[in-house]
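The values are calculated or read from the model by the stated rules, or taken from the named source; none is laboratory data. Only a predicted model underlies this, so the values are computations on that prediction, with no experimental measurement involved. Note: ideal-geometry Cβ built from the backbone for every residue, glycine included; neighbour counts use all protein chains shown. All accessible areas refer to the heavy atoms of the entire protein, side chains included, with ligands and DNA or RNA removed. Shrake-Rupley method; radii C 1.70, N 1.55, O 1.52, S 1.80 Å.
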Amino acid sequence: YCSGCHDGAEPEGDFSTSSWSTLMAGTPDGPVLLAGKVEQSRLWQLLNGQAEPAMPPVEEPQPTAEELSLLRQWIEQGALGDSADSTSPLHLDAPNLSPAAIQFYHVGAACQITDTTFAIGGLGQVSLLNDGSATPVWTVDGLAGKVNSLRLSPAGNWLVVGGGIAGVGGEALLLDHQQGTVVQRFEGHGDTIYCAATSPDGRWLATGSYDRRILLWDIGSGQVVRTLTGHNGAVYDLDFDSSGQLLVTASADQTIKIWRVDNGERLDTLGQPEGEQRAVRFSPDGQFIYAAGADKQIRKWQ
């Protein structure tokens, strides 16, 4: 209930629930949990409406009475945890559930590859399909969480994959779309990745996430070289211009932002939209930006 806002590199209120250690560290104003002292714990007061602001916000899902009872019991018994935090960044400790029937399989993204082939991404996998055939040409399994984004690189040599586990972390991959092999894997962000694209020259990979950040990766080294911050909502889509010098991003904060790739400078914020922005693209000549979102409009900027 908390990790959507209180997680990642820039948690709201400087309070993170990403681990037992960060939970017990509290905020710059002091601890939020006092072991053995339920009524004096600020977290408990916020959850029960005894302190302001009530958490989670009223429009968000609320913990059940059983969950609150379990939390109370945990605090009373000492709020014990593992300070080592030894689990993998992309590991989710969840119950082992039987898979649904195939007709209910999640499809999170699709991408046309050639005139007769297209890729689809789902829960933990990407497959290449041929028109008229139900049997995949190839399937890549073992991906973390859900695939949210599939995109062909400008050179046409890579299938760029974005996904991850909500509230845990993001994963991006470059796949050889002809062989169905993993060329490179990138793990980052404090939440799932919603969009990923490579620059026209194949040097950079840009990823956008629910954690509101954009990471710029050097593909050659596999390292993050720049973090772009400024959006106040999830980053749902992004695109490089044809020169590779500019990056444009679309966000749940109802804005489109334009960035300079070489130094991360934010050049402009286009604030005309009146709803979450879900898709954005440069025109092929780089002279225009198109974006669309929840306000049911497509906008074109020069």
Counting only residues that are in contact (Cβ under 8 Å) with a residue 40 or more places away in the chain and either of a type in the set (Val, Ile, Thr) or closer than 27 Å to residue 276 by Cα (or both), give me the strands (runs of 3 or more DSSP E) lying completely in the range 116-221 with at least 2 of them. 117-122, 138-140, 146-152, 158-165, 169-176, 181-188, 193-198, 204-209, 214-218
In the range 277-298, the residues that are surrounded by 12 or more Cβ atoms within 10 Å (Cβ to Cβ) and either touching a Pro at 6+ places or on another chain (Cβ under 8 Å) or free of Cβ contacts under 8 Å to residues at least 40 places away in the same chain (or both): 283, 288, 290, 291, 292, 293, 294, 295, 297
Just give me the residues in the range 1-35 being open to solvent by 40 Å² or more (accessible area, probe 1.4 Å), in a loop (DSSP other than H, G, I, E, B), touching a Gly at 6+ places or on another chain (Cβ under 8 Å) and over 22 Å from residue 232 (Cβ atoms), in sequence order. 35
If I ask for residues that are open to solvent by 20 Å² or more (accessible area, probe 1.4 Å) and farther than 25 Å from residue 203 by Cα, which ones from the range 256-276 would you list? 269, 271, 272, 274, 276
Yes or no: residue 201 out of contact with any strand residue (DSSP E or B) (no Cβ under 7 Å at 6 or more places or on another chain) and open to solvent by 10 Å² or more (accessible area, probe 1.4 Å)? yes
Given the conditions (1) touching a Gly at 6+ places or on another chain (Cβ under 9 Å); (2) closer than 22 Å to residue 117 by Cβ; (3) modelled with pLDDT of 95 or more, report the number of the one that residue 160 does not fulfil. (1)
May I ask you to list pairs of residues, at least six apart or on different chains, whose Cβ atoms are under 9 Å apart, with the first in the range 231-248 being on the phi > 0 side of the Ramachandran plot and the second being open to solvent by less than 30 Å² (accessible area, probe 1.4 Å) and of a type in the set (Ser, Thr, Tyr)? 244/199
